[in-house]
Amino acid sequence: MNPVRVLIAEDEAPQRRELLRMLQALWPELDIVAECEDGLSALEALATTSPQLAVLDIRMPGVSGIEVAKAAIEAGCLVLFTTAYDEYAVRAFEAGAIDYILKPVREDRLEKALQRARERLNQPVAEALPALLTALQQLPSEREQPLQWITASLGDSVRFIGIEEVLCFQAQDKLTRVLTREGEAFIRTPLKELLRGLDPQQFWQIHRSAIVRAAAIDKVQKDELGRYELSLKQHAERLPVSQAFAQRLRGM
């Protein structure tokens, strides 16, 4: 029997390492084909590794586990969620189609979930999954109020930038570039941390190195080498676009 291909997506590195350790201990035959720290990289890995089982954190910066699960389900991949919701909320949407593990993950609970996965791997994706995903989306968000402004140091002064002024954020070396119509500034907050505070309806992660305001997007086009670039409205800046995000745009 061929090893079962597994994708893991968890944005907290210590939890991801511990989850990997338990998976390998409980099911040594598993083939861990991808370890992802955010939803965007999980989408990319899903397209390239064809996993049979995806273990997904529901809440991740940028692309959520729910969005990744939709793509996984369409590809016929079994989905196992990890979640910080309390057990009463979880029971409301436990439908037997997929399983969940309440954080912090306990080894005995993971073992039960993996047993269910073993039993289901040879079965077709259950019809209950779309309804389950809808229920997940309707649960209250754990996200705090979105960022209203950011600060950037300029010599001995501090510049306050309203979040509505920002066109995009770009990772550059160990800093994050903040682009506005009036110019640019640099902050030390990494993209991953920024994503936690940005409104996901207004800001999209289009690449590992870039987050853009949705309303500032003019167009996305492909060059002669098949690479995608994004143009901003009323600005000459061009930004790289990942294949995974380009596919999401085509699906909108």
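Structure notes:
- For the criterion of being more than 23 Å from residue 207 (Cβ to Cβ), at pLDDT 85 or above, outside the structural domain of residue 192 (by TED's automatic domain parsing) and touching a helix residue (DSSP H, G or I) at 6+ places or on another chain (Cβ under 6 Å), residue 53 passes.
- Entirely in segment 185-249, the strands (runs of 3 or more DSSP E) that have 2 or more residues that are of a type outside the set (D, E, K, R) and over 17 Å from residue 40 (Cβ atoms): 228-232
- Subset of segment 169-184 (residues that are in a strand (DSSP E or B) and out of contact with any Asp or Glu (no Cβ under 7 Å at 6 or more places or on another chain)): 169, 170, 171, 172, 175, 176, 183, 184
- Looking across segment 178-197 at every residue that is in contact with a Leu (Cβ under 7 Å, 6 or more places away or on another chain) and at pLDDT below 90, the one that is nearest to residue 147 (Cα to Cα) is identified as 197.
- The residues on offer are 44, 18, 37, 10, and the sole one that is in the same structural domain as residue 102 (by TED's automatic domain parsing), surrounded by 24 or more Cβ atoms within 10 Å (Cβ to Cβ) and touching a residue at least 60 places away in the same chain (Cβ under 8 Å) is 10.
- Residue in segment 169-178 that is touching a residue at least 40 places away in the same chain (Cβ under 8 Å) and within 23 Å of the chain's Cα centre (by Cα) present: yes
- Test: residue in segment 89-109 that is in contact with a Ser or Thr (Cβ under 7 Å, 6 or more places away or on another chain), modelled with pLDDT under 65 and either at negative phi or not aromatic (Phe, Trp, Tyr) (or both): yes
- All conditions but one from (1) among the charged types (D, E, K, R); (2) surrounded by fewer than 19 Cβ atoms within 10 Å (Cβ to Cβ); (3) within 20 Å of residue 99 (Cβ to Cβ) apply to residue 57; the one that does not is (2).
The values are calculated or read from the model by the stated rules, or taken from the named source; none is laboratory data. Fair warning: this is a prediction, and the values are worked out from it, not measured in the lab. Cβ atoms come from the backbone with ideal geometry, glycine included; neighbour counts cover every protein chain shown.
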